[in-house]
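S.K.: First the structure, then my questions, so here it is.
Readers should treat all values here as calculations from the given coordinates under stated rules, not as data from a laboratory. All values derive from a computational prediction rather than experimental measurement. Glycine gets a Cβ as well: all are built from the backbone with ideal geometry, and neighbour counts include every protein chain shown.
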Amino acid sequence: MSSKKPSLLFISPMVPNPDGGGAAQRGFHFLRLLQERYAIDLLVTGDSCGIPTATTDLVERVVSLQSSRLFDLRYMCSMIQAALGVKGLLPYPTTPEGWFQVTPRRLRIARAKTRGKHYRVIHAFRLSSAPFALNCNSGESVCRLQLDLDESESRVLAQVAHLQRANDEPAMGTRSLAASSFLAQQEADYLPRFDRIFVSSELEKNILFDQFGAQKIHIAPNVVPARESPHPSPQSRQTYRLLFVGSFGYYPNQDALRFFFSDIAPHIRKRIDFRLTCVGYGLEGDFLAWLHAQQGVIVAGKVADLAPWYLSADAAIVPLRAGGGTRIKILEAFAFHCPVVSTPQGAEGLDVVDGNELLLAKSAASFAKQCLRVLTDTELRQHLADNANRLLRQDYSMESLKRAIYD
């Protein structure tokens, strides 16, 4: 692919992927829009296997560090320690997983593989890409450094730590709090060195405002393409269908399902029969065994296409009690005209109003009540779905993201 466009180096810890998890999707949408004005080199600092054609079609070349992994003792030891820590065989490292790949050897290799290119822009996706961005900046020409944080990772991990301790998991809480402290230090060290910083919501911007100023921080919303086909009209059923979508390796998602089945589901079951379908990555081990044991659960796991699952659901639930950024799963439901019931934490960062685009509930009893409302009230369901889809098209579209990137 030849191009006369100025060069941009896009650095990401994961492969940008339109069909991946929320972070991979965000990376892909940025890549797609940046490609309109720049000739892009894609540097994947983590696992670069299986890059989809949709991604390679957007870039001039892919710069991979994959071949260097076997020779990087520090990287390998970190990954082995993490794997054994998950199984309880070793103390879990306090360094967050995305930072295992930030080693002197991998930084040198990344610099060597990008040497000689005069990039107009270096775009780092997620905080762990910041060291690579600064390392690959030769300083020989004017280069704008921009960082897409998406969210304050230190704040999210602090929330997770609090939740783990509340769930009587003090060891996990201590590790998460240590990782949060590590990330807070990285944010303080790296953010001042970038020319532009992107976050996904006004809330995230306000959190960073006092430290870094408004001119530097820009809101770049998460986006999901709206669907033309509306959600099927609700039917009166003997058994209603709820849907939960997420990455199940993420502790807040596991906690959300435990909260739902232990505290919320019994209230709903007193009034109606229902099934909850769980769709997403990372269902394995003890958590998968626990999930299979729950009454009324359907475990779909990873699926190729989310559309049939959203279209067949009566409502999507988001009973999260921690998290950051903005919830892709809520925007996906909006796109498919699927009504949503969420906790305030689950809808954090989205410009929504309770009763207008979705229903919000803080307690288990109120969450159950809102589920019963949306499942049994046809007019309410249509009202929520129509308003939510309208909001998606207005504020969470590719045009909205494009304005944020280039304005």
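S.K.: Pick out, in residue order, every one of the trypsin sites (Lys or Arg not before Pro) in the stretch 235-341 that is DSSP loop and has at most 11 other C-beta atoms within 10 Å; say none if there are none.
M.R.: Sparse-neighbourhood loop trypsin sites (Lys or Arg not before Pro): Lys270, Lys302.
S.K.: Further question: Take the chain, connect every pair of alpha-carbon atoms lying under 10 Å apart with a spring to form a Gaussian network, then pick out the residue of Thr53, Thr45, Thr376 with the largest mean-square fluctuation.
M.R.: Between Thr53, Thr45, Thr376, it is Thr53 that shows the largest mean-square fluctuation.
S.K.: Next up: Which whole-number percent is the relative contact order of the chain (Cα, under 8 Å, 6+ apart)?
M.R.: Details: 722 pairs, mean separation 53.1, N = 407.
Across the chain, relative contact order equals 13 percent.
S.K.: Under a straight-distance cross-link criterion of Cα-Cα below 25 Å, which lysines are reachable from Lys329, leaving out those fewer than 8 residues away in the same chain?
M.R.: Result set, ordered by chain and number: Lys205, Lys302, Lys362, Lys369, Lys402.
S.K.: Then there's this: Pulled fully out, how much extra length does the chain show between Asp168 and Asp47, if you take 0.36 nm times their separation in residues and subtract their Cα-Cα distance? Write out the running numbers ahead of the final one.
M.R.: Details: separation 121, 0.36 × 121 = 43.56 nm, distance 3.36 nm.
Full extension from Asp168 to Asp47 adds 40.2 nm.
S.K.: Quick one: grab the alpha carbon gyration tensor of the stretch 222-343, order the square roots of its eigenvalues as a ≥ b ≥ c, and give me rounded if a/c is under 1.5, else prolate or oblate depending on whether a/b is larger than b/c. Provide the component values of the computation, followed by the final result.
M.R.: On the way: a/c = 1.55, a/b = 1.12, b/c = 1.39.
Oblate, since a/c reaches 1.5 and b/c is not below a/b.
S.K.: What FRET efficiency do you get for Ala293 and Val62 if R0 is 35 Å and r is their Cβ-Cβ distance, rounded to the nearest 0.05?
M.R.: Values: r = 43 Å, r/R0 = 1.22.
It comes to 0.25.
S.K.: Out of the stretch 114-187, which GluC sites (Glu not before Pro) are coil in DSSP terms and have no more than 12 other C-beta atoms within 10 Å?
M.R.: Details: sites: Glu140, Glu151, Glu153, Glu187; in loops: Glu140, Glu151.
Hits after loop and neighbour filter: Glu140.
S.K.: Helix 364-376 versus the longest principal axis of the chain: what is the Cα-based angle in degrees, 0 to 90, to the nearest 10?
M.R.: Roughly 70 degrees between the two axes.
S.K.: Also, I was wondering about something else. Would you please put 393-399, 30-36 in order of how densely packed they are, using the mean number of other Cβ atoms within 10 angstrom per residue and starting with the highest?
M.R.: 30-36, 393-399
S.K.: Given 0.36 nm per residue, what is the gain on full extension from Ala188 to Lys302 after removing their alpha carbon distance, in nm? Before the final figure, lay out the partial values.
M.R.: Details: separation 114, 0.36 × 114 = 41.04 nm, distance 3.66 nm.
Here the segment from Ala188 to Lys302 would lengthen by 37.4 nm.
S.K.: In what sequence, highest mean first, do 58-64, 306-312, 168-174 appear when ranked by Cβ atoms within 10 angstrom?
M.R.: Packing proxy ranking, top to bottom: 58-64, 306-312, 168-174.
S.K.: Only Lys, Arg, Asp and Glu count, each charged at its Cβ (+1, +1, -1, -1), so figure out the dipole size of the stretch 89-169 about its Cα centre, rounded to 20 debye.
M.R.: Around 720 debye, computed over the stretch 89-169.
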